[in-house]
Amino acid sequence: MRVIAALFLSLGLMASLAACKPSGSSSSSSTSVSTSSTGAVTQEDMSLGDPNAKVTVIEYASLGCPVCAHWNNTVFQDFKTKYIDTGKVRYTLREFLTGDAPVASAGFLLARCAGAAKYFQVVDAVWRQEEPLLESERNAEKRDALVKIAQSMGLTEAQFNTCVTDDKAILALNARSEKWAGDDHIENTPTFVINGKIYDSGFMSLVDMDKAVADAQAGAK
């Protein structure tokens, strides 16, 4: 299947990277913080939390990026409990296709097909499957893992096949990713934009997020 044909990045590479870049881009470990007009959440966005929260966190991330998966699996739940569930932060995920673009495409297409109520459940499930999938060199096993996620969300295998081969949906996903990359000047994932301030050094610990949110809260008063 064309959207899940590529191999995942190796486990060794996952451990060494601070962020994922598009194919052909060079990696950088430097920290960059700048300001941006980015921050307006649109109807195309998938979000969690109080729309009226004083702090908006936009994460640009890819389901094919091991660094994004690591952040989701080790930081996001604590961040969600501390800030999103308490109404302090409005969180938005914007879909990028860095790392393994075909796997990212399949995962995001599946998440959209599952519907808004299950979108973040699918995203989390794919990221939590990423490490064992990296250990497999068989594309059939990767596809089977995604099919199982689809079935756990109430979709059939036939619905999964239709979803990930929908040309209109694929074009729309590519257009969203390319638009955000160009308009918002995003070069790697994960990148976080917190009340207009860009944090593009890649992985951020919960301590890093605490400081960034505190700075945003102070500026929002």
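All of the numbers you see were taken from the coordinates with simple rules; none came from a lab. All values reported here derive from a predicted model rather than from experimental measurement. Every residue, glycine among them, receives a Cβ derived from its backbone with ideal geometry; neighbour counts consider all protein chains shown.
Could you sort the peptides 42-49, 65-72 by per-residue average Cβ neighbour count (10 Å cutoff), highest mean leading?
Details: 42-49: 13.9, 65-72: 25.6.
Highest to lowest by the protection proxy: 65-72, 42-49.
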In order through region 106-120: 3J(HN,Hα) via Karplus (6.51 cos²θ - 1.76 cosθ + 1.60), integer Hz, x for Gly, Pro: 4, x, 5, 4, 5, 4, 5, 5, 5, x, 4, 5, 10, 3, 6
Relative contact order (%) - criterion: Cα under 8 Å, at least six apart; region: region 157-221: 17 percent
Taking amide H positions as placed 1.01 Å from N in the peptide plane, with prolines and chain starts having none, which residues 5 or more places from Leu63, or on another chain, fall under 5 Å of its amide H? Phe96
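Nearest-5 percent of antiparallel DSSP beta bridges in region 28-220? Numbers along the way, then the final one.
Values: 13 of 21 bridges.
Expressed as a percentage, antiparallel bridges in region 28-220 total about 60.
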Quick one: 3J(HN,Hα) in Hz for region 143-155, Karplus 6.51/-1.76/1.60 with θ = phi - 60°, rounded, Gly and Pro as x. 4, 4, 5, 5, 4, 4, 5, 4, 5, 5, 9, x, 9
Go through Ala116, Ala106, Phe192 and say which Cα lies farthest out towards the positive end of the charge dipole of region 28-220; charges sit on Cβ, +1 for Lys and Arg, -1 for Asp and Glu. Ala116
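Only Cα pairs under 8 Å and at least 6 apart count here; give the relative contact order of region 28-220 as a rounded whole percent. It would help to have the intermediate numbers written out before the result.
Numbers: 282 pairs, mean separation 66.6, N = 193.
The normalised contact order for region 28-220 reaches 34 percent.
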